[in-house]
Structures are given as C-alpha cells and as structure tokens.
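Worksheet: one structure, shown below.
The values are calculated or read from the model by the stated rules, or taken from the named source; none is laboratory data. Since the model is a prediction, treat every value here as computed from it, not as a measurement. FYI the Cβ positions are ideal-geometry reconstructions off the backbone, even for glycines, and counts take in every protein chain you see. Protein only, heavy atoms only, side chains kept; ligands, DNA and RNA dropped before computing areas. Shrake-Rupley method; radii C 1.70, N 1.55, O 1.52, S 1.80 Å.
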Amino acid sequence: MATLTVWKFPTAGGADSAVSTLQSLEKQQLIKVHDAATVSWEDGAKRPETRQLHNLVGTGAMGGMFWGMLFGLIFFVPLLGAAVGAAMGALSGSLSDVGIDDDFIKRVRDEVTPGTSALFAMTSDAVLDKVHASFGGQQAELIQTNLSAEQEKALREVSA
C-alpha cells in the first residue's frame, strides 16, 4: 500500500532540510520513495515555489504532472477564474476517487501558508516508528492520506 504524506515545517526552508532525512531513510531501507516534491513559501511571496525531487525517484514515478495537478488544486485555485476553477473542480473529483479528498486539500491549503514549507512524498514499506523518530527533531507536522494498491493504480492513471 502506498501512502501520500505531507510533512509541514514552520519555516520556508524546513522542507528542503528534511530532504536529506528522507534520502537517509531510503538508503537505510526504512522507506521506499516512489516520488516526492517540496513546497517552499517565503514570507511576502504571492505563491509558493515547488520542486520535484528527481534525484529521489526511480522508475514508475508519478511525475511532474501529478504534482502540478495536486499543487494547482491546493495553492492556486483561489486565484483562478470561474471557468478554470470549474475544470479544477472536475479534476478534484477525480482525485477524490483515489483518496485525495476535499478535506485533505483544504487542510493542506490552510496549513501550508507564507513562511512555511512542506515535503510531499508518495512512499511505501515505511518502518513508521523509525520514520517518525527521524523527523521528530525537525519540528515537522505530519498530514497523511493512506492509499490502497487499487487507489494508487487509479491515481497513476489520473496523472498519466
């Protein structure tokens, strides 16, 4: 079963610092990273900067299109016109079919704000106590959505 996790950090650079933690956990075989991206939102910026972590992903990765759709729903919908907003609403419905629902999107939108950052990761085979302990000293807050194997397959199809 794959899990989409979002680690929120109280500073704009916190997620970038956490990337090394995620890499270390993967090298220790304490987690398998299918794909990951960071969001960094500097104070005073109109919107966050996003970055896909290509160096962490292997074959079968979700790809930039998935992250673009998800980040568009989370961070840019309030800035879009009605017609584009309606199209994004239809996309939101598709993602809810695969475990990313409106509550998840709203929570991330409400919590990842200027001055904060987030690490988004699609992972599996995590040794949860070791992963939680590794992020424990980084002032990270975990927001998590679990996806079944069937939901992960459907998510890959939505983002293909």
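Only one of (1) at pLDDT 80 or above; (2) touching an Asp or Glu at 6+ places or on another chain (Cβ under 7 Å) fails for ASP125. Which number is that? Condition not satisfied by ASP125: (2).
Counting residues in the range 78-97 that are charged (D, E, K, R), open to solvent by 10 Å² or more (accessible area, probe 1.4 Å) and modelled with pLDDT under 85 gives one or more.
On the stretch given as the range 21-48, residues that are farther than 16 Å from ALA121 by Cα and open to solvent by 20 Å² or more (accessible area, probe 1.4 Å) total 8.
The set of residues in the range 1-58 being of a type in the set (Lys, Arg), modelled with pLDDT under 90 and under 15 Å from the mean Cα position of the chain (by Cα) consists of ARG51 alone. Tell me which residues, restricted to the range 1-20, are open to solvent by 20 Å² or more (accessible area, probe 1.4 Å), part of a helix (DSSP H, G or I) and touching a residue at least 40 places away in the same chain (Cβ under 8 Å). Passing the criteria: ASP16, SER17.
Of all residues in the range 27-42, at least one satisfies being of a type in the set (Val, Ile, Thr), closer than 20 Å to ARG109 by Cβ and either out of contact with any Leu (no Cβ under 6 Å at 6 or more places or on another chain) or without any contact (Cβ under 8 Å) to a residue 60 or more places away in the chain (or both).
Scanning the range 21-41 for residues that are farther than 19 Å from TRP67 by Cβ and either hydroxyl-bearing (Ser, Thr, Tyr) or assigned to a loop (DSSP other than H, G, I, E, B) (or both) turns up THR21, SER24, GLN28, GLN29, LEU30.
Against the numbered list (1) touching a helix residue (DSSP H, G or I) at 6+ places or on another chain (Cβ under 6 Å); (2) in a strand (DSSP E or B); (3) modelled with pLDDT of 70 or more, MET65 comes up short only at (2).
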